[in-house]
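Here it is, the structure, as structure tokens.
The values are calculated or read from the model by the stated rules, or taken from the named source; none is laboratory data. The structure displayed is predicted, hence computed values, not measured ones. Cβ placement follows ideal geometry from the backbone for every residue including glycine, while neighbour counts extend to all protein chains displayed.
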Amino acid sequence: MPQTPGQTEILEAQLFDLAPVSLWLQDLGGLKARLDAWRAAGMVDLRAWLRDPEHLRTCQSLIRIVRVNRNTLATYDARDEAELFAHIPAIFNDPRADALIEVLCQLWAGATRVRLVTQNRTVSGRVVDVSYAGQMLPGHEAGWDRYLIAIEDITQREALRRRESAADRRTGTLFQHAPVPTLIRDETGLAARLAGLRSDGIVDLAGYLAAHPGWLAEAEASRRIVDANRPALALFAVDTCDALARHLSGGLGQAPLQLFREELAELWDGAEPRSRDIAARGRDGRDLHLKMQRSPVPAAGDGRRLVQIALTDIGDNKRSEARLAVLSLTDPLTGLLNRLGYAAELDRLEAGRTVPTSVIVADLNDLKAINDALGHDAGDDVIGRFAAILERHNPLAIRPARIGGDEFVILLPGLDAAAAAALARRILDEIDVENRRGATALSASLGSATWHGDGTLKAAVSRADSQMYEAKRRYRDRAWEGRAPVPGRSVFSQAPPC
């Protein structure tokens, strides 16, 4: 049955009064008339006009409240309309009236709907955040005599937003001032590519990469550095995040695609990212040794997949490790390789099948007699002077080795038997020159052999060692001269080819 006009008005009044949000019905007709008059008198810019406090007060005085609903009284802690209306100046206490000016300017520009977020005060003085939605009722657009406002209390939501914003600022501050160099990398494109592979039914990622080698480089290029803190900029000797992103556009580390392949495997398998030691280079050319730790950034709701990368400079550690490694392979008296370093080089050459490789084995003559007669300091001096001769005449990067008290070995990859024999004779000649200087006489027995890949390199060392003992026997026997050994005389013997 159709409702009569009176019944419709009663229903509308009930709906207004029982609405779950605060409703205000205002009559802005007098305000609109005053604005029209000001415009006729030459007003052009309403926003600038309302910055005059007198003009603003005039507008405020012309706003007439027709009615409010029950929820408005509850929202503003008012017992009744009288108490509410008595506190209107305090409720809308905004010395600059920014919200009111914004509403009036939008209505003056022809808008019939206005939305904004502002703050009001309740009758009890409590500050509330409100969402303001104004609507000029249909049929009243020309005179502004019926303007409906819906107010929603969003205090809790705004408090949460402010806490999150403050947390974001704190996080940003912590990120920028964290002592550890840290990068933020956007891997949204990579995540989409991996999801695409899964949706295509790909199960074996390693097999797919083998069959599509170009995919790896394209996927790696889809990642980009989007933020970096100050320690990270300093580490790579750049001024801005953009400069760092360009510097690292080819990826982190000296083998970025291999590193990326390992990271992909972790992502694909859902494994926890593990830390890695990587080598990189700053824009100033410095070599960097870094420990890298990746961790996903919690989703911010924007659909992006961000990863935080913490980089610890372990260059000092690496340099210390390198020094310790060198020391562990070095004879402390001579600076030559020790037995451990010699064994490592021997294994490396044999594994690499470096042929030909010649070997010279040398042993100092009469070192025990020197120690007994002149003391161990004199013996150490002889050892050091002989080691210096070997280093001066060694033509290769591999250091000679002291493998015993008076025994030395020179490994000579790439040198044949004739070159080894020539080197041995230069060493003997240098010993003669050294002995003319008047210090304790040096004497050495040398033997050599050459490895051509037949058998083992160790066997060639044994043959050189046998030749050294043959030279030492000849030194002691002096059979070819028929008299006792002469201090300072040295001997060389070379193994025949085999």
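When region 128-158 is examined, which residues are found to be among the small types (Gly, Ala, Ser), without any contact (Cβ under 8 Å) to a residue 60 or more places away in the chain and either surrounded by 14 or more Cβ atoms within 10 Å (Cβ to Cβ) or not assigned by TED's automatic domain parsing to the domain that holds residue 90 (or both)? Working first, answer last.
The initial filter retains those residues of region 128-158 that are among the small types (Gly, Ala, Ser), namely 131, 133-134, 139, 142-143, 150.
Right, trim to without any contact (Cβ under 8 Å) to a residue 60 or more places away in the chain and you get 131, 133-134, 139, 142.
Selection gives 131, 133, 134.
In region 56-75, how many residues are in contact (Cβ under 8 Å) with a residue 12 or more places away in the chain and under 19 Å from residue 28 (Cβ atoms)?
The qualifying residues number 13.
For region 345-381, what are the residues that are closer than 21 Å to residue 420 by Cα and exposed (fewer than 15 other Cβ atoms within 10 Å of the Cβ)?
347, 348, 352, 353
For region 390-410, name all the residues that are among the acidic types (Asp, Glu) and under 14 Å from residue 335 (Cα atoms). Spell out the reasoning first.
So the first thing to find is which residues in region 390-410 are among the acidic types (Asp, Glu), and the list is 391, 406-407.
Selection gives 391 alone.
Does residue 200 qualify as being touching a Leu at 6+ places or on another chain (Cβ under 7 Å), exposed (fewer than 14 other Cβ atoms within 10 Å of the Cβ) and at pLDDT 90 or above?
Answer is no for this residue.
Which condition number does residue 231 fail, the rest of (1) in contact with a helix residue (DSSP H, G or I) (Cβ under 8 Å, 6 or more places away or on another chain); (2) in contact (Cβ under 8 Å) with a residue 40 or more places away in the chain; (3) surrounded by 14 or more Cβ atoms within 10 Å (Cβ to Cβ) being met?
Of (1) in contact with a helix residue (DSSP H, G or I) (Cβ under 8 Å, 6 or more places away or on another chain); (2) in contact (Cβ under 8 Å) with a residue 40 or more places away in the chain; (3) surrounded by 14 or more Cβ atoms within 10 Å (Cβ to Cβ), only one is false for residue 231: (1).
Is it true that residue 371 is free of Cβ contacts under 8 Å to residues at least 12 places away in the same chain, polar (S, T, N, Q) and in the same structural domain as residue 476 (by TED's automatic domain parsing)? Walk me through how you get there before you give the answer.
Values: free of Cβ contacts under 8 Å to residues at least 12 places away in the same chain: yes; polar (S, T, N, Q): yes; in the same structural domain as residue 476 (by TED's automatic domain parsing): yes.
Yes, satisfied.
Can you tell me which residues in region 439-459 are small (Gly, Ala, Ser) and either in contact with a helix residue (DSSP H, G or I) (Cβ under 6 Å, 6 or more places away or on another chain) or under 30 Å from residue 380 (Cβ atoms) (or both)?
Step one: filter region 439-459 for residues small (Gly, Ala, Ser), giving 439, 441, 443-445, 447-449, 453, 455, 459.
Scanning region 439-459 gives 439, 441, 443, 444, 445, 447, 448, 449.
Tally up the residues in region 178-207 that are without any contact (Cβ under 8 Å) to a residue 60 or more places away in the chain and of a type in the set (D, E, K, R), please. First the steps, then the outcome.
Just the residues of region 178-207 that are without any contact (Cβ under 8 Å) to a residue 60 or more places away in the chain, to begin with: 178-179, 189, 192-193, 195-204, 206-207.
Within this subset, residues satisfying the condition of being of a type in the set (D, E, K, R) are 193, 198, 200, 204.
Residues in region 178-207 being without any contact (Cβ under 8 Å) to a residue 60 or more places away in the chain and of a type in the set (D, E, K, R): 4 in total.
Name the pairs: first residue in region 427-445 and assigned by TED's automatic domain parsing to the domain that holds residue 474, second residue aromatic (Phe, Trp, Tyr), Cβ to Cβ under 8 Å, at least 6 apart or on different chains?
Between residues of region 427-445 that are assigned by TED's automatic domain parsing to the domain that holds residue 474 and residues that are aromatic (Phe, Trp, Tyr), the close pairs are 428/492; 431/386; 442/386; 443/475; 444/386; 445/469; 445/475; 445/492.
Give region 290-329 a look and list any residue that's farther than 18 Å from residue 236 by Cβ and among the hydroxyl-bearing types (Ser, Thr, Tyr), or say none.
295, 320, 328
Quick one: which helices (runs of 4 or more DSSP H) lie wholly within region 316-434 and hold at least 2 residues that are of a type in the set (Lys, Arg) and at pLDDT 90 or above?
Numbers: elements: 339-351, 367-374, 376-393.
Here the list reads 339-351, 376-393.
Residues checked against (1) modelled with pLDDT under 95; (2) crowded, with 17+ Cβ neighbours inside 10 Å:
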{"position": "34", "(1), (2)": "no, no"}
{"position": "37", "(1), (2)": "no, no"}
{"position": "51", "(1), (2)": "yes, no"}
{"position": "80", "(1), (2)": "yes, no"}
{"position": "88", "(1), (2)": "yes, no"}
{"position": "97", "(1), (2)": "yes, yes"}
{"position": "100", "(1), (2)": "yes, yes"}
{"position": "126", "(1), (2)": "yes, no"}
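Look at residue 396 and say whether it is among the hydrophobic types (A, V, I, L, M, F, W, C) and buried (at least 19 other Cβ atoms within 10 Å of the Cβ). Full working, then the answer.
Values: among the hydrophobic types (A, V, I, L, M, F, W, C): yes; buried (at least 19 other Cβ atoms within 10 Å of the Cβ): no.
Here the answer is no, as residue 396 does not meet what is asked.
Show the residue pairs that are 6+ apart or on different chains and have beta-carbon atoms under 8 Å apart, the first residue being within region 105-127 and farther than 17 Å from residue 159 by Cα and outside the structural domain of residue 32 (by TED's automatic domain parsing), the second being surrounded by 16 or more Cβ atoms within 10 Å (Cβ to Cβ) and of a type in the set (Asp, Glu).
none
Continuing with this model, one more query. Run down 417, 441, 422, 459 and say which single residue is farther than 24 Å from residue 345 by Cα, of a type in the set (Gly, Ala, Ser) and surrounded by fewer than 22 Cβ atoms within 10 Å (Cβ to Cβ). Explain how you work it out, then say what you get.
On the way: 417 fails: farther than 24 Å from residue 345 by Cα; 422 fails: farther than 24 Å from residue 345 by Cα; 459 fails: farther than 24 Å from residue 345 by Cα.
The conditions single out 441.
So, in region 319-337, of the ones that are touching a residue at least 40 places away in the same chain (Cβ under 8 Å) and either buried (at least 20 other Cβ atoms within 10 Å of the Cβ) or outside the structural domain of residue 431 (by TED's automatic domain parsing) (or both), which residue ends up farthest from residue 460 (Cα to Cα)? If you could, list the steps in order and put the result at the bottom.
We begin by selecting, within region 319-337, every residue touching a residue at least 40 places away in the same chain (Cβ under 8 Å); these are 331, 333-337.
Then keep just the ones that are either buried (at least 20 other Cβ atoms within 10 Å of the Cβ) or outside the structural domain of residue 431 (by TED's automatic domain parsing) (or both); that gives 331, 334, 336-337.
On the way: 331: 23, 334: 25, 336: 21, 337: 19 Å.
That would be 334.
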